[in-house]
1. If PHE98 meets every condition in (1) of a type in the set (Phe, Trp, Tyr); (2) within 22 Å of CYS144 (Cα to Cα); (3) within 11 Å of the ligand (Cβ to nearest atom) apart from one, which number is that one?
2. Of ASN148, ASN165, which residue is loosely packed, with under 12 Cβ neighbours inside 10 Å and either modelled with pLDDT under 95 or touching a Cys at 6+ places or on another chain (Cβ under 6 Å) (or both)?
3. Can you tell which of ALA105, ALA75, ALA157 is surrounded by 21 or more Cβ atoms within 10 Å (Cβ to Cβ), within 25 Å of ASN9 (Cβ to Cβ) and small (Gly, Ala, Ser)?
4. Scan the range 145-167 and give yes if some residue there is touching an Asp or Glu at 6+ places or on another chain (Cβ under 8 Å) and over 19 Å from ALA35 (Cα atoms), otherwise no.
5. Would you confirm whether or not the range 178-187 contains a residue that is in a loop (DSSP other than H, G, I, E, B) and among the small types (Gly, Ala, Ser)?
6. Can you tell me which residues in the range 125-167 are within 16 Å of the ligand (Cβ to nearest atom) and free of Cβ contacts under 8 Å to residues at least 24 places away in the same chain?
7. If you check every pair at least six apart or on different chains, which have Cβ atoms under 8 Å apart with a residue in the range 55-83 that is over 13 Å from PRO106 (Cα atoms) first and a residue that is within 13 Å of the ligand (Cβ to nearest atom) and in a helix (DSSP H, G or I) second?
8. Filter the range 56-73 for residues that are within 14 Å of the chain's Cα centre (by Cα) and either over 18 Å from GLU124 (Cβ atoms) or near the ligand (Cβ under 8 Å from one of its atoms) (or both) and give the result.
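The values are calculated or read from the model by the stated rules, or taken from the named source; none is laboratory data. Here the structure is a predicted model, which is why all the values come from computation and not from measurement. Glycine also receives a Cβ, built like all others from the backbone with ideal geometry; neighbour counts cover every protein chain displayed.
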Amino acid sequence: MSKIKCGNNVYIPMPVVLVGTEIEGRANFMTVGWASRANANPPMISVGINKKHKTPEGILNNKTFSINIPNAGMAVPTDYCGLVSGSKADKSGVFDTFYGELKGAPMISECPVTMECELVETVELPTNYLFIGEIKGVYADEDCTEKNRPDMKKADAMVLTMTDNRYWRLGEFVDKAWGCGKDYSNKDIYE
Ligand SMILES: Cc1cc2nc3c(=O)[nH]c(=O)nc-3n(C[C@H](O)[C@H](O)[C@H](O)COP(=O)(O)O)c2cc1C
């Protein structure tokens, strides 16, 4: 197979989350695709957020934030929070909110899975902050859990692809991670 060089942008499939903060006493939510697990123990998550957005103000002031996983039925309000800045519009009424144990980290009631995070480190990059937060609590709708843990298929979580800028549902189950590799024998098994 011949390869084509496709520039140098980031083309990995991404999660779709809403980052929640409290700014001037009001909840604000922004859509984020650049979110990743950052540390195993204690569990930490990182989000890459442009310095021009309103959200950094809330995270830097409160030292907390929330991560909310919308379901596919929430694509429209999720996209709205990624199109409109809290510096231009009040996004506090887009969703119902609830709080866990941390101040300044409003979570979205409609989201099947949410987590509250304490800011542990801020890495300043040329255009973005990389905020690293320790997850202090995870909350999930009962019918979106399996053995007391969030189940992403039941939660109907979305995946984001760039640069075609599309939201997708999770697709078909392929095989067990940390499992199917045990069947490795040689290169012939690649599809
Ligand atoms: C699908 C989607 C994903 C996005 N992901 C990010 C991201 O990872 N980082 C970022 O800085 N902006 C991202 N944005 C843009 C912000 O969500 C957008 O500029 C938002 O209005 C910022 O809100 P705020 O100013 O209230 O913080 C994304 C937008 C969309 C629609």
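1. Every listed condition holds for PHE98 apart from (3).
2. ASN148
3. Checking each option against the conditions leaves just ALA157.
4. Checked against the condition, which is being touching an Asp or Glu at 6+ places or on another chain (Cβ under 8 Å) and over 19 Å from ALA35 (Cα atoms), the range 145-167 yields at least one hit.
5. Scanning the range 178-187, I find at least one residue that is in a loop (DSSP other than H, G, I, E, B) and among the small types (Gly, Ala, Ser), so the answer is yes.
6. Matches in the range 125-167: PRO126, ASP164, ASN165, ARG166.
7. That search, which allows pairs on different chains as well, returns PRO70/PRO77; PRO70/THR78.
8. Of everything in the range 56-73, those that are within 14 Å of the chain's Cα centre (by Cα) and either over 18 Å from GLU124 (Cβ atoms) or near the ligand (Cβ under 8 Å from one of its atoms) (or both) turn out to be SER66, ILE67, ASN68, ILE69, PRO70, ASN71, ALA72.
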